[in-house]
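Please read the structure below before turning to the comments.
The values are calculated or read from the model by the stated rules, or taken from the named source; none is laboratory data. What you are looking at is a predicted structure, and each value in this text was computed from that prediction instead of being measured. Please note: Cβ atoms are built from the backbone with ideal geometry, for glycine as well, and neighbour counts cover all protein chains shown.
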Amino acid sequence: MGNTVLVPIDGSDSSIKAVEFTISIMKQGDRVVLMNVQKPQYDGFEKVGNVSKEQLDAFYLDEGRKILTSAEELIKKQGISYESVVRIGLPSIEITKVAKEISAHSIVMGSKGMSPVVSHALGSVTYSVIHLAACPVTVVPLMD
């Protein structure tokens with residue numbers, strides 16, 4: 001059995017570069033787990049009408065599945081075994097939690113995502129995952 005590589009996808013160009021890099025390093029028997037994390041915005045939702053937490057969670061899960069679509073298409077074209085996961089929570093926490101759950105050999109992620117920048121080198125989620133992960137993290141820069 002091959003290695004499992006977790007690839008967080010946030011819809012950014014950087015995360016798509018991470019998928020492309022992952023495809024280039026895959027070997028026979030390896031599998032990819034594509035992941036999107038939706039950061040919940042529950043504060044104040046009661047002001048927009050009679051919306052339950054379950055309805056909001058369903059909305060977030062649907063949004064996450066939409067974001068994963070382009071990454072899934074890239075992986076499918078290569079015939080690589082993959083699965084997709086959507087979680088609701090803090091991205092760095094959920095990414096490292098899923099990596100442990102699936103016994104990921106490594107995490108491959110983009111250097112910068114859709115969130116505000118912590119530094120010129122790394123995005124805040126990437127920076128946190130590097131420090132929290134129990135497996136190697138490969139950071140793929142967004143280059144032209």
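Side notes on the structure shown:
- Residue ranges of helices (runs of 4 or more DSSP H) in the stretch 1-104 with at least 2 members at pLDDT below 95 and either out of contact with any helix residue (DSSP H, G or I) (no Cβ under 7 Å at 6 or more places or on another chain) or not polar (S, T, N, Q) (or both): 13-25, 53-78
- Counted residues, the stretch 59-84 - those being within 25 Å of GLY29 (Cβ to Cβ), hydrophobic (A, V, I, L, M, F, W, C) and touching an Asp or Glu at 6+ places or on another chain (Cβ under 9 Å): 2
- Every residue from the stretch 105-122 that is modelled with pLDDT under 95 and either assigned to a helix (DSSP H, G or I) or among the hydrophobic types (A, V, I, L, M, F, W, C) (or both): MET114, VAL117, VAL118, ALA121, LEU122
- Sub-8 Å Cβ pairs linking a first residue in the stretch 123-144 that is in contact (Cβ under 8 Å) with a residue 12 or more places away in the chain and in a loop (DSSP other than H, G, I, E, B) to a second residue that is of a type in the set (Lys, Arg) and buried (at least 16 other Cβ atoms within 10 Å of the Cβ), at least 6 apart or interchain, are PRO141/LYS17; LEU142/LYS17; LEU142/LYS112; MET143/LYS17, ordered by first then second residue.
- Residues of the stretch 20-38 satisfying the condition of being over 10 Å from the mean Cα position of the chain (by Cα), buried (at least 22 other Cβ atoms within 10 Å of the Cβ) and among the hydrophobic types (A, V, I, L, M, F, W, C): VAL32
- Close contacts from the stretch 86-110, counting a first residue that is closer than 13 Å to LEU132 by Cα and a second that is of a type in the set (D, E, K, R) and modelled with pLDDT under 95, with Cβ to Cβ under 7 Å and a gap of 6+ residues or different chains, come to LEU90/LYS39; PRO91/LYS39.
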